[in-house]
Amino acid sequence: MSRYVEKVLLPGETVVMETKVHWLIYLPALFFSLFIIAGLAILVIEPAEKIFVYGPIGLGLLLGVPNFLRGWFTRWTTEIAVTDKRVIYKRGFIRRVTIEMNMDKVESIDVNQSILGRMFDYGDVLVRGTGHGLEPLRMIQAPLAFRSAVIAR
């Protein structure tokens, strides 16, 4: 169970489902790692042409590492859970944003999945409640299972 969710559980409240941001948040970093692989391949094929190696490797490191760290930090600091009484969403580390909605206030749940999202089982979810809704939960794992867990309560 995630740290924040564990701290805010009410007496007698149980977690029905936990999810997080999908691993495809690392896709930009994986794309830039292709530059590193291309540079290493050039090094293997033509060791004398080092000038062509440093460019792709440097570009891959310069753009890939920050993208990887941003994705990791987002995934690490975002917690999404459905309990038998409410929906809990937390993101952020120093500047924390938390949103909780009681189950009796949930009116509907919108799930938006692209073709890639359907293939890899991720999507955006919007929980609509009486008065207002949660902010869109972007790129979460198993959005249909999340919707089912909320609706089943």
Any hit, region 110-121, residues being among the β-branched types (Val, Ile, Thr) and modelled with pLDDT of 90 or more: yes
Candidates Ile80, Ile42, Ile88, Ile109, filtered to the one that is aliphatic (A, V, I, L, M), over 14 Å from Lys20 (Cβ atoms), surrounded by 14 or more Cβ atoms within 10 Å (Cβ to Cβ) and in contact (Cβ under 8 Å) with a residue 24 or more places away in the chain: Ile109
Residue count for region 128-153, restricted to those that are aliphatic (A, V, I, L, M), more than 20 Å from Tyr26 (Cβ to Cβ) and modelled with pLDDT of 90 or more: 4
Residues located in region 72-92, provided they are over 19 Å from Ala29 (Cβ atoms) and either of a type outside the set (A, V, I, L, M) or modelled with pLDDT under 90 (or both): Glu79, Thr83, Asp84, Lys85, Arg86, Tyr89, Lys90, Arg91, Gly92
Given (1) under 20 Å from Ala145 (Cα atoms); (2) outside any strand (DSSP E or B), number of the condition Gly58 does not satisfy: (1)
Which listed residue is surrounded by fewer than 16 Cβ atoms within 10 Å (Cβ to Cβ), in contact with a helix residue (DSSP H, G or I) (Cβ under 7 Å, 6 or more places away or on another chain) and among the polar types (S, T, N, Q), from Thr130, Thr74: Thr130
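The values are calculated or read from the model by the stated rules, or taken from the named source; none is laboratory data. Keep in mind it's a predicted model, so treat the numbers as computed, not measured. Neighbour counts are summed over all protein chains in view; Cβ atoms, including those assigned to glycine, are modelled from backbone coordinates with ideal geometry.
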